[in-house]
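Student: Before I ask anything, let me first share the structure, which is written out below as structure tokens.
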Amino acid sequence: MDDVSRFPAATLAEETLLGLLMPFWQLVIGGFVVFVVVVSVGRLARRGPSRMTTALLVTALAIAGFTVVGVLLEG
């Protein structure tokens, strides 16, 4: 019966640890995304304006799509 009373505390400690690690992983993922975007923009700029325009349109549509899906899933 003593183990049952400790279980919520152990769960809370695990959630707290993950809560502390979460911002670190978000920074790592965000840094990697920024790096990939910078490299991709450099490659697209070297390939010419027509591909750059297409890439910008595809990116804009992807952002709009993710935003719509996020709003629909939130409500």
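Student: What are the residues in region 13-65 that are aromatic (F, W, Y) and either more than 14 Å from the chain's Cα centre (by Cα) or modelled with pLDDT of 85 or more (or both), if any? Reasoning before the result, please.
Tutor: From region 13-65, those aromatic (F, W, Y) are 24-25, 32, 35; that's our starting set.
Result: F32, F35.
Student: Filter region 48-75 down to the residues that are of a type outside the set (A, V, I, L, M) and surrounded by 11 or more Cβ atoms within 10 Å (Cβ to Cβ) and list them by number. Break it down into steps so the answer makes sense when it comes.
Tutor: Taking region 48-75 first, the residues of a type outside the set (A, V, I, L, M) are 48-51, 53-54, 59, 65-67, 70, 74-75.
R51, T53, T54, T59, listed by residue number.
Student: Which residue pairs have Cβ atoms under 8 Å apart, sit 6 or more places apart or on different chains, and have a first residue in region 50-73 that is without any contact (Cβ under 8 Å) to a residue 24 or more places away in the chain and a second that is of a type outside the set (S, T, N, Q) and surrounded by 10 or more Cβ atoms within 10 Å (Cβ to Cβ)?
Tutor: R51/L44; M52/L44; M52/A45; A55/L44
The values are calculated or read from the model by the stated rules, or taken from the named source; none is laboratory data. Given the structure is predicted, the values throughout are model-derived calculations rather than measurements. Methodologically, a virtual Cβ is constructed for each residue, glycine included, from the backbone with ideal geometry; neighbour enumeration extends over all protein chains shown.
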